[in-house]
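**Student:** Questions regarding the structure given below will be posed in turn.
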Amino acid sequence: MEGSLVQEFKKGLWEEIPPFRLVLGLCPVLAVTKAADTGLGMGIAATFVLVFSNVIVSMLRNVIPNKVRIACYIVVIATFVVVTELVMQAYTYPLYEALGIFIPLIVVNCIILGRAEAFAGKNPVLLSAADGLGIGLGFTLSLTFLGSLREIFGAGTLFGQAVMGASFEPFTFMVQAPGAFVCLGILLGLMNIVEAIRTR
Amino acid sequence: MKENVLTVSVAPFWHSGAGIARNSYISMAVLLPVAAVGVMHYRVGALAVLGLCIGSCMLAEALMQKIIGRPVTLGDGSAALTGMLLALLLPAGVPWWLVVVGSFSAIIVGKQIYGGIGSHPLNATLVGWVMIRISWGVQMDADVALANLPNLSGLSALAALRGGYVDAVPLKDVWMGNLIGPIGSASLLVLIGGLVLLALRVIKWEVSLGFLGGVLLGCVLFGSNMLPEGSDASVNPLVMLFSGNVMLGAFFLAPDTTSSPSQPIAMWIYGFAAGLLAMLIRVYGNYYDGGVVFGILLVSLASPLLDKIRPKARGRE
């Protein structure tokens, strides 16, 4: 499993980009991508937690007893989630309000626990940091992209700026829950097509 | 050997000629009088919606099949039927882009993404209708959409009932679609068309009858709750049965071959549950004009599950 730093970083951006290739953490993906800025905010918050929890878990990997490792990982992750939450509450209050319950719920985000379990628990610190950064950046990119798409069609704006002209009637279906499912499904399908063409 | 359980005759067999194409064209033919009444009431407005709907559904089907590299099956008429049904659910005078988005959503999201006819879990027409109804509720409101057309006034049957104006919806007008409403409001003609379909065995009678039974039961149990509070009038169950798109639902939307179950008991449950749910949404829900649509859509999600209720195969214990 020993790979180079660059390789571990790069795989999060395409090969294992969540949530499209690594179909994990769908709950926040569906819930917070109503707009581009909430998607971006959620992505950055998750990236922060992911990098630091990966580093700490990796440092402690020889100390943590195997039987109680999940509980230990959760403690580490929860610590950083609380840090994120307090920082967001202090400095980016509107975003904190917009994301609401989904910030504390980062604790149970499958991507973060999944990376701790599948990667950081077995690999050295620097590699784990690169892995966390790559996956987190991939997650941020996907969330922002999905959020922009839904915001453009569903509200006619992008990061709050009107982009579709005055006569545009927003396709509100897109910013509602079923729109999230349809949009995510179509993007997943397109990613599979692109992947099939690439590897042909 | 106690009895003959299976009758097996010798070859050659004769194919009855039934197929997707025959069924779609018969359905469209029996809907023509309904569409004609709509055109009579709303003139060019209705004609435009009908044409645009059918045209863009067929275009979406052809485009999508070309893109994903499947044989183009416009000839079986299923896309055209989807378009026609969607048009009958829309009020005349809706903006053109709304019709186009609805048709494309119906065909692409509701049907082709799942692999075309025979594979889609939901009725494509209903998916298209719901997507535009949720997005552009104001434009889809019959009372608003028809305000653009001359010589029409009044309330749609369901809006009138919600407002408590029971006298404003005489059965005679409801039957003939004389009230404001979607293009396919002439429900007596829809019923006749549905009976023709039953006679030609295009649709399953269990589903239709179950659906009407569900609506009727709902009406008897809580139909008068649709009126505003304190009103002591009662709703004629026949008005409930013939208003809105109950008849279209019973004979054209609910028995959709792909999204409804195929075992007798399952078909009864499916139809009945859809009818009851339709009434619940119509009486208590916010989308009261879409009660039938949402009812069928929700219950068809359960149809693979319902299809597990089937007779045990003979010889297998």
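Read the figures in this text as sums done on the coordinates, not as results from a lab. Since this is a predicted model, take the numbers as computed values, not measurements. FYI the Cβ positions are ideal-geometry reconstructions off the backbone, even for glycines, and counts take in every protein chain you see.
**Student:** When only alpha-carbon atoms count, how far does segment A:5-142 stretch along each of its three principal axes, as whole angstroms with the largest first?
**Tutor:** 40, 29, 22
**Student:** So who's got an amide H within less than 5 Å of the one on residue A:158, skipping anything under 5 residues away but keeping other chains? H placed 1.01 Å off N, in plane.
**Tutor:** A:163
**Student:** Using only alpha carbon pairs under 8 Å that are at least six residues apart, calculate the relative contact order of segment B:47-148 and give it in whole percent.
**Tutor:** Dividing the mean separation by the residue count of segment B:47-148 yields 30 percent.
**Student:** Per-residue HN-Hα couplings for segment B:178-193, Karplus 6.51 cos²θ - 1.76 cosθ + 1.60 at θ = phi - 60°, whole Hz, x for Gly and Pro?
**Tutor:** 7, 7, 4, x, x, 4, x, 8, 6, 6, 5, 5, 5, 4, 4, x
**Student:** Follow-up. Answer with one residue from B:208, B:63, B:186: the one whose Cα lies farthest towards the positive end of the charge dipole of segment B:20-306, charges on Cβ with Lys, Arg +1 and Asp, Glu -1.
**Tutor:** B:63
**Student:** Any idea what the dipole of segment B:20-306 comes to, in debye rounded to 20, about its Cα centre with Lys/Arg Cβ at +1 and Asp/Glu Cβ at -1?
**Tutor:** 640 debye
**Student:** Would you order A:139, A:181 from fewest to most other beta-carbon atoms within 10 Å of each residue's own beta-carbon?
**Tutor:** A:181, A:139
**Student:** A follow-up question, please. By the gyration tensor of its Cα atoms, with a ≥ b ≥ c the square roots of the eigenvalues, what is the shape of the protein assembly as shown: rounded for a/c under 1.5, prolate for a/b over b/c, or oblate?
**Tutor:** The shape class here is prolate.
**Student:** Here's a follow-up. What nm value, rounded to one decimal, do you get for the distance between residue A:122 and residue B:21 when each label is placed 7 Å out toward the C-beta?
**Tutor:** It works out to 5.7 nm between the two label points.
**Student:** Follow-up. Report, by chain and number, residues whose modeled amide H sits under 5 Å from the one on residue B:310, excluding near sequence neighbours (fewer than 5 apart, same chain).
**Tutor:** none
**Student:** To continue, here is another question. In nanometres, what is the gap between the two model label sites at residue A:97 and residue A:168, each 7 Å from Cα along Cα-to-Cβ?
**Tutor:** Output for this residue pair reads 2.5 nm.
**Student:** Continuing with this model, one more query. Toward the positive end of the charge dipole of segment B:20-306, about the Cα centre and with charges on Cβ (Lys, Arg +1; Asp, Glu -1), which of B:297, B:239, B:176 goes farthest?
**Tutor:** B:297
**Student:** Run down the lysines and flag those whose C-alpha is under 24 Å from the C-alpha of residue B:308, throwing out any fewer than 8 positions away in its chain.
**Tutor:** B:111, B:204
**Student:** Any chance you could check the Cα centroid distance between segment B:213-235 and segment A:7-21 for me, in angstrom?
**Tutor:** 57 Å
**Student:** With viscosity set to 1.306 mPa s at 10 °C, what whole-number translational diffusion coefficient in µm²/s follows for segment B:27-158 from Stokes-Einstein and a Kirkwood radius over Cα pairs?
**Tutor:** 106 µm²/s
**Student:** About the Cα centre, and with charges only on the beta carbon of Lys, Arg (+1) and Asp, Glu (-1), how big is the dipole of segment A:1-147? Nearest 20 debye, please.
**Tutor:** 300 debye
**Student:** Sequence gap at least 6, Cα distance under 8 Å: using those rules, report the relative contact order of chain A to the nearest whole percent.
**Tutor:** Over chain A, the number comes to 36 percent.
**Student:** Between helix B:291-300 and chain B, what is the angle of the helix's C-alpha long axis to the longest principal axis, kept within 0 to 90° and rounded to the nearest 10?
**Tutor:** 20 degrees
**Student:** Given the DSSP H assignment, sum -39500 (n - 2.57) over each helix run of at least 4 residues in the protein assembly as shown and divide by its residue total; what's the result at 222 nm in deg cm²/dmol, nearest 500?
**Tutor:** Only helices count here, giving -18500 deg cm²/dmol.
**Student:** Do you know the relative contact order of chain B, to the nearest whole percent, from alpha carbon pairs under 8 angstrom that are 6+ apart?
**Tutor:** Rounded, it is 17 percent for chain B.
**Student:** Output the 0 to 90 degree angle, nearest 10, between the alpha-carbon long axis of helix A:69-91 and the longest principal axis computed from the alpha carbons of chain A.
**Tutor:** 50 degrees
**Student:** A further question follows. Please give me the summed charge of the neighbours of residue B:90: other residues whose Cβ is under 12 Å from its Cβ, Lys and Arg +1, Asp and Glu -1.
**Tutor:** -1
**Student:** Between 0 and 90 degrees, rounded to the nearest ten: what's the tilt of helix A:125-155 against the longest Cα principal axis of chain A?
**Tutor:** With rounding to tens, the tilt is 10 degrees.
**Student:** So for segment A:5-142, taking the charge dipole from beta-carbon charges (+1 Lys/Arg, -1 Asp/Glu), which of A:54, A:100, A:134 sits furthest toward the positive end?
**Tutor:** About the Cα centre, the residue reaching furthest to the positive side is A:54.
**Student:** Lys and Arg at +1, Asp and Glu at -1: add these up for the other residues within a Cβ distance under 14 Å of residue A:187 and post the number.
**Tutor:** +1
**Student:** Still on this structure: Which of rounded, prolate, oblate describes segment B:79-131, given a ≥ b ≥ c as roots of the alpha-carbon gyration tensor eigenvalues and a/c under 1.5 marking rounded, otherwise prolate only if a/b is larger than b/c?
**Tutor:** Taking the square roots of the gyration eigenvalues as a ≥ b ≥ c, segment B:79-131 is prolate.
**Student:** Here is a further query. Residue by residue through segment B:70-84, what is 3J(HN,Hα) from phi via Karplus (6.51 cos²θ - 1.76 cosθ + 1.60, θ = phi - 60°)? Round to whole Hz and write x for glycine and proline.
**Tutor:** Couplings: 10, x, 7, 10, 5, x, 7, x, 6, 5, 5, 5, 4, x, 5 Hz.
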